[in-house]
Amino acid sequence: MNKLFILLLPALFSLNCAAQKPIERDAILQDMQLANAYFMEKWPDVGKTIITNKERPSHIWTRGVYYEGLLALHEIYPKAEYYNYALDWANFHQWGFRSGNETRNADDYDAAQTYIDLYNLQPDPEKLKNTRACMQKFLHTPQQDDWDWIDAIQMGMPVFAKMGVLENDPRYFEKMYQMYMESRNVIGGNGLFNPEDGLWWRDADFDPPYTEPNGEDSYWSRGNGWVIAALAKTLSIIPEDAPHRKQYVEDLQAMAEALIKVQRKDGFWNVSLHDPTHFGGKEASGTALFVYGIAYGINNDLLDRETYLPVVTKAWNALTTESLHENGFLGWLQSTGKEPKDGQPLSYTKQPDFEDYGLGCFLLAGAEMYRLEE
């Protein structure tokens, strides 16, 4: 027997055991709390600006995604500390947006997802004054091509869904559908979704004839993660009889079917879904978003449990054993960007340029995994 293989046997056995480890609700909650505590202790001031290559306010999209995850944790484990941390953040920013109420940039109005959730917990019209002003203009303007990069679908689509429910106004559902289908079928000439592969190009720059080094289409992991997360989140918000619900279900199912074909043996997904040689290796943010979307599908009878439960079990165990540190730090997180090469190389100990959105993805995934036992 090869000596190297013999030396690797303990590690391979350990990895296989981790992949098969049954999901336990208490362990999921502990891991979520551990990761969240690390962040809250590191960022006690909710208004502190974020400084990387430049200084940014703390209600940009990266932080907005974190608070989406925090409120998902609060939903399964209500804790005053979590609620107050989110409320203080909203109050600090006066329940407003980075570029004001006139913004059409989904990265900016992503914060409204948390504002609406906080409002629903304790209604006060003043809290949503800016959100209503920002979102109502979409109903009265003809543009449908705002989401011309697929990350925007997650940042923006659930806001429309929440507003449609909150205001009991189906116009939000219709506008949301028009904007989604523009991204899906029109932008870039033929749309950003490839029905043959069940996956999305990040934006028009990555449409064919652009290819990865191995000649395959470029499907960025986290970008596709944003889309399946948006579909899952939107389906969790809109009524059962909402128009176009069938479209979102079918797209989530198509993506899930495509994703299980390219999952790594260790449970993660590569940054390039169809080219494992292009910066191949573990990546936690895309993996967490896939766990969230697929677990939602299982929990709501949209995906076959027998087929997909092993997929999310292996992926969640990979995240908690290979990404989550003992102090709550998350490794193998790709920094902000738009394609596989950005933020490389990754490692267990490398800190991404922003720590917040990766944690938000992890908390969203954990909340759905927690519900699997219900």
Check: in the stretch 188-317 the Lys pairs 8 or more apart or on separate chains whose Cα atoms fall under 19 Å apart number 6
With the 1.4 Å probe rolled over protein heavy atoms, the chain has an accessible area per residue in Å² of 41
Cα pairs beyond 27 Å in the chain, in percent, come to 45
For the stretch 134-148, in residue order, the Karplus 3J(HN,Hα) values (coefficients 6.51, -1.76, 1.60; θ = phi - 60°; whole Hz; Gly and Pro = x) are 5, 7, 5, 5, 5, 6, 10, 10, x, 4, 10, 9, 5, 8, 8
Here the averaged projected area of the stretch 133-222, based on the convex hull of its alpha-carbon atoms and given in nm², is 6.4
Note to self, the chain gives a 222 nm [θ] from helices alone (DSSP H runs n ≥ 4, -39500 (n - 2.57) apiece, / all residues, nearest 500) of -17500 deg cm²/dmol
Helix 356-370 sits off the longest principal axis of the Cα atoms of the chain, rounded to the nearest 10 on a 0 to 90 degree scale, by 80
Carbon and sulfur atoms account, in whole percent of the 1.4 Å probe accessible area of the chain, for 50
Non-local residues with an amide H under 5 Å from the amide H of R56, with H modelled 1.01 Å from N and Pro and chain starts lacking one, are I50, I51
With the stretch 253-374 reduced to its Cα atoms and the Debye formula applied, log10 I(q)/I(0) at q = 0.11 1/Å amounts to -0.33
The stretch 62-199, convex hull of Cα, quarter of hull surface, nm² -> 9.0
Counting every C-alpha pair in the stretch 176-274, the percent lying more than 19 Å apart is 42
Going residue by residue through the stretch 259-275, the Karplus relation 6.51 cos²θ - 1.76 cosθ + 1.60 with θ = phi - 60° gives ³J(HN,Hα) values, rounded to whole Hz and with x marking Gly or Pro, of 6, 5, 6, 10, 5, 5, 4, 7, x, 7, 10, 6, 5, 10, 5, 10, 9
Between the Cα axis of helix 112-121 and the main Cα principal axis of the chain, the angle (0 to 90°, nearest 10) is 80
Taking Cα atoms only, helix 80-92 is inclined relative to the longest principal axis of the chain by an angle, in degrees rounded to 10, of 50
Residues whose modelled amide H sits under 5 Å from the amide H of L324, counting only those 5 or more places away in sequence or on another chain, are G331
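The values are calculated or read from the model by the stated rules, or taken from the named source; none is laboratory data. It should be emphasised that the depicted structure is a prediction, and the values quoted were computed from it without experimental measurement. Accessible surface is based on the protein model in full, side chains and every heavy atom, while ligands, DNA and RNA are left aside. Shrake-Rupley method; radii C 1.70, N 1.55, O 1.52, S 1.80 Å.
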